[in-house]
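Asks: The structure under discussion is supplied below as structure tokens; questions concerning it will follow.
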Protein chains: 2
Amino acid sequence: MTKKVGKQTLKMENKPRIISTFSIVGPKEGKGPLKDYFDVIKNDDLAGKDSYEKAESNILYTAVTESIKKANLKEDDIDFLFAGDLLNQLTSSSFAARDMNIPFLGLYGACSTMTESLSIASMVMDGDFANYIIAATSSHFSSAERQFRFPLEFGSQRPPTAQWTVTGSGAMVLGREGNFPYVTYVTIGKVKDYGIIDANNMGAAMAPAAVSTLYNHFKDTGRSPKDYDVIATGDLGKVGKEITAKLLKDYGYDISHNYIDCGEEIFDNETQGTDSGGSGCGCSAVVLCGYLYKNMLSGKFKRILVVSTGALMSTTSSLQGESIPGIAHAVAIEYGTGGS
Amino acid sequence: MTKKVGKQTLKMENKPRIISTFSIVGPKEGKGPLKDYFDVIKNDDLAGKDSYEKAESNILYTAVTESIKKANLKEDDIDFLFAGDLLNQLTSSSFAARDMNIPFLGLYGACSTMTESLSIASMVMDGDFANYIIAATSSHFSSAERQFRFPLEFGSQRPPTAQWTVTGSGAMVLGREGNFPYVTYVTIGKVKDYGIIDANNMGAAMAPAAVSTLYNHFKDTGRSPKDYDVIATGDLGKVGKEITAKLLKDYGYDISHNYIDCGEEIFDNETQGTDSGGSGCGCSAVVLCGYLYKNMLSGKFKRILVVSTGALMSTTSSLQGESIPGIAHAVAIEYGTGGS
């Protein structure tokens, strides 16, 4: 007997607890609608470093070490760090891990990395391999722009479907016990590619993966969208969100009444010039570690489903004419429901 | 109670079985000393594709799908694919996963990816989350050279400490039952950086990580080097292997009598012009899936310890003056020992 439910979903028997979270964002995110939910807002998006890559690694390091302090733990108490980011060879995560004394496992799921790391961490915790695990990720507008698109100095124009990579990092400490929000189900996604080739329209590229994972989550668990107070996709933005809701309705699930997208929530697109919304691993990470987690603690949300979404292309694959594959992993989190 | 033993090691209670493996290599590896152990040797390192990146993704796809066939399973039987590679944003793995109907989790540990994927797959399997999981990785000489160093057409000279990225892919299918080699212990590594900055001397950069993981494995498990028929590091090459054996002796563990390095075994450095030896994720993958696994099945090796090693730099981190952090994860595999 396995803990698998249906085709892609895993049921947690020991319900890994999320005992603390920490979120840290850049100046622009700190002026957005969710600003009151972040633990730290940096005034300077270089974070006092001499490159954007070093700044990104630094905010990830800060998120991880501060999440440990918030849990009243020491670095030595943490069994594993599961982390990843958007930079080539995950240098934000690897260089942050270099300065910690914690066994490290690097993950890459593009902007799906927050729920990828939380999914694997939950399984490893539920399988009795650890007392404390950290799941974390980061992204940075400026390091992502120059790696994936153009140097900022180039001043290229952005189409309205473009998204704005979030500068931010979120970390969560998982533990085995205590009265905290806990993970009940994890749905691992498959790679989906519907032929989108425009790297400025990633919401559309990722939407089919979000739809597939959401559909299978509902089918596997027998739950309906109404069982959740919030269903939050990662960073589909305005365009991808609309596609997702529409496609899912065609498959028989109406999520319209409680559906948000972290990328749409984090900025005020009208006044902040962020076009279709936020993106990047850090987007769903800080929205989950900040807005969603804190509203669970306060009792506003009792059961949420978070579905971070990733676009798995590289500049090389795009230059070679490949379309953009997407992936999405879903994690159900509950608190104060009296058990699931 | 967790399954953790000591500081960094996990003990498998259900002993995940490695029920099949598949290895596929390029023409140069197919002329090396281990050629008889590989399942497929490609004549053409483009594998019939129009780019090296597409070729690499293709051999990973082949390794995964053929490992499923060898296990007498169908794609639909596989619960998860854990895979990663060296290319930016893991495009070999992601694009291979796009053509499969299997939930996918991408990992990055540079050349440590084979034991990283096998470690996580083992924990997830031991935690009862799956019936069948595939752990896989790949690398390709030509895609790695142009991404990390110089375009091949540039014809740059190689120093004697340089290693030769293996063109190859290895995949293993893990199952819950049957008379097959099985995983007993996993030791997850920490990131170690001793200040090496030369991307042509990666063996030296990775050696401290290998030493740390080996040392902690022996300490955590109470085993000594002599408990293993073979201890195989991933791709330290000639230079890194010597450093590792020496450092470990200083720490009280003499591994000299049964220590091999996959990077040293795969090529005949004298006649094949491979300088310090092979490297790349594919190196320890094909040596494990080919030479080591097949010698376990035949009864030659009863207990092995595999320690894939990764160098976690990027071209950007090197350009910004950063040194090269290393990481290593160890997996103990047994067969025919009558239980551990």
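Asks: Which residue is it, in chain A, whose C-beta lies closest to the A-to-B rotation axis, and what is that distance in whole Å?
Replies: Taking the axis that maps A onto B, the answer comes out as A:127, 1.
Asks: Which of A:276, B:117 has the fewest other C-beta atoms within 10 Å, and how do the rest follow up to the most? Could you put the intermediate results ahead of the total?
Replies: Numbers: A:276 29, B:117 32.
Ordered by Cβ neighbours within 10 Å, fewest first: A:276, B:117.
Asks: Name all residues of the range A:97-119 having a backbone nitrogen under 17 Å from the label point set 7 Å from the Cα of residue A:75 along its Cα→Cβ direction, giving them as ranges.
Replies: The answer is A:97-105, whose backbone nitrogens lie closer than 17 Å to the label point.
Asks: Once you list every other residue whose beta carbon is under 15 Å from the beta carbon of residue A:174, what net charge do they have if Lys and Arg are +1 and Asp and Glu are -1? Don't skip to the end; give the middle numbers.
Replies: Working: positive: A:15, A:17, A:70, A:176, B:4; negative: A:13, A:77, A:79, A:116, A:126, A:128, A:177, A:334.
Value of the local net charge: -3.
Asks: Something else about it: Take every Cα pair under 8 Å in chain B that's 6+ residues apart, average their separations, divide by the length, and report that relative contact order as a whole percent.
Replies: Worked out over chain B, it gives 25 percent.
Asks: What does the highest-first list of B:209-216, B:130-137, A:28-35 look like by mean Cβ count within 10 Å?
Replies: On the way: B:209-216: 25.4, B:130-137: 28.2, A:28-35: 19.0.
In descending order of packing, they fall as B:130-137, B:209-216, A:28-35.
Asks: For n ≥ 4 DSSP H runs only, could you compute -39500 (n - 2.57) per run for chain A, divide by its residues and tell me the 222 nm figure to the nearest 500? List each step's numbers first, then the result.
Replies: Working: 11 runs with 108 residues, N = 340.
Value at 222 nm, helices only, nearest 500: -9500 deg cm²/dmol.
Asks: If the label for residue B:14 sits 7 angstrom from Cα along the Cα-to-Cβ line, what are its distances to the same label in every other copy, in nm to one decimal, shortest first?
Replies: 1.4
Asks: Also, quick follow-up: Arrange A:331, B:286 by Cβ neighbour counts within 10 Å, fewest through most, would you? Present the calculation step by step, with values, prior to reporting the outcome.
Replies: Numbers: A:331 26, B:286 37.
The most exposed by this proxy come first: A:331, B:286.
Asks: A follow-up question, please. Along Cα-to-Cβ, 7 Å out, sits the label point; list in nm, shortest first, how far the one on residue B:40 is from those in the other copies.
Replies: Distances to the matching label points in the other copies: 4.9 nm.
Asks: Distance in nm between label sites at residue B:149 and residue A:1, each 7 Å beyond Cα in the beta-carbon direction?
Replies: According to this spin-label approximation, the distance is 5.5 nm.
Asks: Also, quick follow-up: Taking the label point as lying 7 angstrom from Cα along the Cα-to-Cβ axis, what are the distances from residue A:318 to the corresponding position in the remaining copies, in ascending order and in nanometres?
Replies: 2.4
Asks: Measure up A:28/A:294; A:4/A:246; A:15/A:294; B:28/B:49; B:192/B:246; A:49/B:241 against 25 Å on the Cα-Cα distance and list the ones that go over.
Replies: On the way: A:28/A:294 21 Å; A:4/A:246 28 Å; A:15/A:294 19 Å; B:28/B:49 18 Å; B:192/B:246 17 Å; A:49/B:241 36 Å.
From the list (A:28/A:294; A:4/A:246; A:15/A:294; B:28/B:49; B:192/B:246; A:49/B:241), the Cα-Cα distance tops 25 Å for A:4/A:246; A:49/B:241.
Asks: Next up: Please identify every one of the trypsin sites (Lys or Arg not before Pro) in the range B:45-90 that sits in a loop by DSSP and has no more than 12 other beta carbons within 10 Å of its own beta carbon. Working shown, then result.
Replies: Values: sites: B:49, B:54, B:69, B:70, B:74; in loops: B:49, B:74.
Here the trypsin sites (Lys or Arg not before Pro) that fit, given the DSSP loop and packing criteria, are B:74.
Asks: Over the range B:184-283, what relative contact order in percent results from Cα pairs under 8 Å that are six or more residues apart?
Replies: After rounding, I find 25 percent.
Asks: Suppose every Lys and Arg Cβ carries +1 and every Asp and Glu Cβ carries -1, with no other charges. What dipole size does the protein assembly as shown come out with about its Cα centre, to the nearest 20 debye?
Replies: 1320
Asks: Which residue, B:173, B:307, B:191, has the most motion in a Gaussian network model of chain B that connects Cα atoms within less than 10 Å?
Replies: Comparing B:173, B:307, B:191 in a Gaussian network model of chain B, the most mobile one is B:191.
Asks: How big is the gap, in Å, between the Cα center of the range A:1-23 and the Cα center of the range B:1-78?
Replies: If you average the Cα positions of each part, the centres end up 28 Å apart.
Asks: Considering only the other residues whose Cβ falls under 12 Å of the Cβ of residue B:147, what net charge follows from Lys and Arg at +1 and Asp and Glu at -1?
Replies: On the way: positive: B:146, B:149; negative: B:53, B:56, B:85, B:145.
Computed value for this residue: -2.
Every read-out reported here was derived from the displayed coordinates using simple, explicitly stated rules and does not represent laboratory data. Note that this is a predicted model, so its numbers are computed, not measured. Cβ atoms come from the backbone with ideal geometry, glycine included; neighbour counts cover every protein chain shown.
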